[in-house]
Every structure is written in structure tokens, then in C-alpha cells.
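The values are calculated or read from the model by the stated rules, or taken from the named source; none is laboratory data. Only a predicted model underlies this, so the values are computations on that prediction, with no experimental measurement involved. Here the Cβ positions follow ideal geometry from the backbone for every residue, glycine too, while neighbour counts run over all protein chains shown. All accessible areas refer to the heavy atoms of the entire protein, side chains included, with ligands and DNA or RNA removed. Shrake-Rupley method; radii C 1.70, N 1.55, O 1.52, S 1.80 Å.
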Amino acid sequence: MSEPLPPAAALRRIAFLLERAREPSHRVSAFRTAAAVVDTLGPDELDRRIRTRTLTDLRGIGPKTGAAIVQAHAGEVPEYLARLEETHGDLLPLAEDAAALRALLRGDLHAHSDWSDGGSPIREMAEAAIGLGHEYLALTDHSPRLTVANGLSPERLERQLDVVAELNEELSPFRILTGIECDINVDGSLDQTDELLGRLDVVVASVHSDLRADSAAMTERMLAAVADPHTDVLGHCTGRLLIPREQREGRRQRPRPESTFDAEAVFSACVEHGTAVEINSRPERLDPPLRLLTLAVDLGCEFAIDTDAHAPGQLDWQGNGCERAVECGVPADRVVNTRSAEDLLAWSLR
Ligand SMILES: [Zn+2]
Ligand SMILES: [Zn+2]
């Protein structure tokens, strides 16, 4: 690949190649952070910064990332990128492979609406999914304990089920699958009533608290959640954040490392209990990391390639997950959201 890319895309490409080259994660995230900074600048501001040589005054842009931005902005392939392409470009999965996998995806099993911390009503999320050619979308708003994300109490979730039922009549044959992104409590139990979890089509279980617990505690916690008969998908398993991100009410989350746990034990339990490992496509997550994704493939896991979208446009992010899936040799028939809604439900409700 030698054609010039816009600056943010060039930076992300560099990060992608560095990660694949198994470079230290701080180096990878430096380029992702810089790309996120470029995203926040308008084209005029970017021009001005380059003209006045003040790019590196911005937090998150250093000499290396700054030079790459300037070169990409001038319509050139940044030197740093050209060198990486030369060394690692031949390992690239064919873009067509990722595109072919993506074309097989019939839906998404992880998305949020404005009922929790998403930015859009359920209907808009569903319409965006229809626009992508999807047959279904699992609506997985947060569970009660995640108050920072406006998690749904049992009463609100019940009301949401009624709203979804009405929308489904209108949008048929498209189907909004009822669901939840359920917090995994510190003791490994799930943060919603058994009765409600039993009524939902799709349960994504994720760790959102005590992420720095020691490996033994985290492993035990995840093993319990994966074995829970309600759990269908293990969400963003390491909890890592590659770049800072904005949350509701202007809160800012800083990058954080992976949680530590016995991945072999957890993924083996996923195989045993029929829980799919999520390949989370959010650019700041890209979870699991490639080495863990490869391990999960080797152990025989099934997968869900999800966007974890918090806005309609983000439903388009599945390509990120497909690239990683192809790179790690995930067979399409082990990706549960390549299945029809009917087959998927037969799997999740088993
Ligand atoms: Zn989550
Ligand atoms: Zn989520």
C-alpha cells in the first residue's frame, strides 16, 4: 500500500502496523492518540498549526507523530509509514479478506442507545443498522450498577422491552434483539435480575470495575460470569483503553492497560459453556489484543464481531474487528453474528 492517506488515517495505519509488529503498546498508542487529536482539529486549524509549526504544542502530538502529520498533509506517504510498510506491509491481510468477512455479518450484538450512555434513540440505531444491510441489532444498554453510564434499573429495562416490541412490529422483518451489557460484579455474578436476564435475547457480560484486581481474582470473576447460563458474549475482555476518550458530562477517561487474568482458563471456559468471545471494534478498545485473539482461536472459541456503538455512525466500525479477525485466522463459521437471526437465537437461548 503506497498511496497517500489523510493525516489521521496515516497515523492509524502506522499504529496498526506497529501493533502487528508487536511493538511496545506505548509506541502504538502514541500514534492512536495523535490520530484522535487530529480528528478534533478542523481542516483549517490543522492547516494553521502546520503553517505556524505549532502542531507539537498540542498535547498528544510529539516530534515523530508531528512529522508524520506534516508529511501526510502534504500528500506524501510519511517516511515512518513507508519504512513500516516495507518491513511489515507484506504480512497484511488482504483488505478483500476483511471485507469478505464483513459482508457475511448479518448484525451486531453490542450497541447502546440514549437509554444508557449512547447518544441516539433506539429507532435511530435500528435505522442505521438497516442502512448497513443488517438483519438484526442487539440493543445492549448498561446494567443498574453502572450509574456513570445511566445503567437501566429492572423497571426501566422492562419498559425498554415494551418499546422494542413496538418498534419491531414496525421495522419487521428487521429485528431489534433485546439485550443488555451486563456488569460482571466483583463476585462474578451478573448485575441484573435472573428473571429479566432470562427474558433477553442476548446477554453481553463485561467487567467495568476493579479492573486492576490481581490475576487470580479477575480470573475467578470472569470464569463465574462466562459459566453463567445467561451469558452469551464476553464483552471487551481485557478492558484496555488505547487512547483517552470523552464520556458523558465531559468526563475524560485516560488510557489504561489490559486487566490481567488467566486467558487460557477463561477462553477454555468460553468454549465449554458456549460463550462467544467479543471482538470489540471500537478504535480505543480493539479488544482482545492480537496475541489473546490468536490464543482464543487456537483454543476453539466462538466470536462475536461487535461495534459497541454509542451512536449510529459507529455501527460502521465492524471493519476494524474483521481486520483483526482475519489477521488472527478466525474462521467465519465461528463468528456467531454471521448467522441468521433465527440461528443466532437458537444459539443464544439454548
Ligand atoms: Zn462495556
Ligand atoms: Zn458497551
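Where nothing but the Cβ of Lys and Arg (+1) and of Asp and Glu (-1) is charged, how large is the charge dipole of the chain around its Cα centre, in debye to the nearest 20?
1520
Run the 1.4 Å probe and let me know the accessible area of TRP115, rounded to the nearest 10 Å².
About 50 Å², ignoring ligands and nucleic acids.
For region 136-182, what D do you get in µm² per second when you plug the Kirkwood radius from alpha-carbon pairs into Stokes-Einstein at 10 °C and 1.306 mPa s?
Numbers: Rh = 11.0 Å.
In µm²/s, the coefficient is 144.
Run the simple label-point estimate for HIS273 and ARG156 please: 7 Å along Cα→C-beta, distance reported in nm.
The modelled label-to-label distance comes out at 2.6 nm.
If N is the number of residues in the chain, what value comes out of its Cα radius of gyration divided by 2.2 N^0.38 Å?
Ratio of Rg to 2.2 N^0.38 Å for the chain: 1.00.
Could you tell me how many cubic angstrom of Cα convex hull volume region 130-273 has per residue?
Considering the Cα atoms of region 130-273, their hull volume per residue is 138 Å³.
Using a/c under 1.5 as the rounded threshold, could you call region 192-316 rounded, prolate or oblate? The axes a ≥ b ≥ c are square roots of the C-alpha gyration tensor eigenvalues, and prolate needs a/b larger than b/c, oblate otherwise.
Rounded, since a/c falls under 1.5.
Once the dipole of the chain is set up with Lys and Arg at +1 and Asp and Glu at -1 on Cβ about the Cα centre, which of LEU55, ALA224, SER116 lies farthest towards its positive end?
Of the candidates, LEU55 comes out farthest on the positive side.
For region 1-56, what is the Kirkwood estimate of the hydrodynamic radius, computed as the reciprocal of the mean inverse distance between distinct Cα atoms, to one decimal in Å? Mind dumping the intermediate values first?
Values: mean 1/r = 0.0830 Å⁻¹.
Over region 1-56, the inverse of the mean reciprocal pair distance is 12.0 Å.
Measuring with a 1.4 Å probe in the full set of protein chains, what accessible area per residue, in whole Å², belongs to the chain?
43
Can you send over the carbon and sulfur percentage of the accessible area for region 1-136, probe radius 1.4 Å, protein chains only? Walk me through the numbers before you get to the answer.
Values: 3610 of 6900 Å².
Ligands and nucleic acids excluded, carbon and sulfur give 52 percent.
Considering the Cα trace of region 78-163, what is its radius of gyration and what is Dmax, both in angstroms?
Considering region 78-163 through its Cα atoms, Rg and Dmax are 19.2, 57 Å.
Based solely on its DSSP helices, what 222 nm [θ] is calculated for the chain when runs of n ≥ 4 H residues each add -39,500 (n - 2.57) and the sum is averaged over all residues, nearest 500 deg cm²/dmol? Don't skip to the answer; put the middle values down first.
Working: 14 runs with 156 residues, N = 350.
Mean residue ellipticity at 222 nm (helix-derived): -13500 deg cm²/dmol.
Determine the equivalent ellipsoid of region 45-117 by diagonalising the alpha-carbon gyration tensor, then write out the semi-axes as square roots of 5 times the eigenvalues, largest first, rounded to whole Å.
33, 24, 11
Given R₀ = 30 Å, what would the calculated FRET efficiency be for ARG145 paired with ARG291, taking r from the Cβ atoms and rounding to 0.05? Write out the running numbers ahead of the final one.
Details: r = 30 Å, r/R0 = 1.01.
Computed FRET efficiency for ARG145 and ARG291 comes out at 0.50.
What percent of all Cα-Cα pairs in region 238-294 falls into each 10 Å bin, going from 0 up to the bin containing the maximum distance?
21, 46, 24, 9, 0
Over the Cα atoms of region 1-158, Rg to Rh with Kirkwood Rh, two decimal places?
Looking at region 1-158, the ratio lands at 1.08.
By how many nm would the segment from GLU342 to ASP97 grow when fully extended, if each residue of separation counts as 0.36 nm and the alpha-carbon distance is taken off?
Gain in length upon complete extension: 85.6 nm.
When only the heavy atoms of the protein chains count and the probe is 1.4 Å, how do TYR136, TYR80 rank by accessible area, highest first? Spell out each step's value before the answer.
Working: TYR136 0, TYR80 45 Å².
Of TYR136, TYR80, the descending order of accessible area is TYR80, TYR136.
What's the FRET efficiency of ALA216 with GLU23 using the Cβ-Cβ distance as r and R₀ = 30 Å, to the nearest 0.05? If you can, show how the numbers build up before the last one.
Details: r = 29 Å, r/R0 = 0.98.
Calculated value: 0.55.
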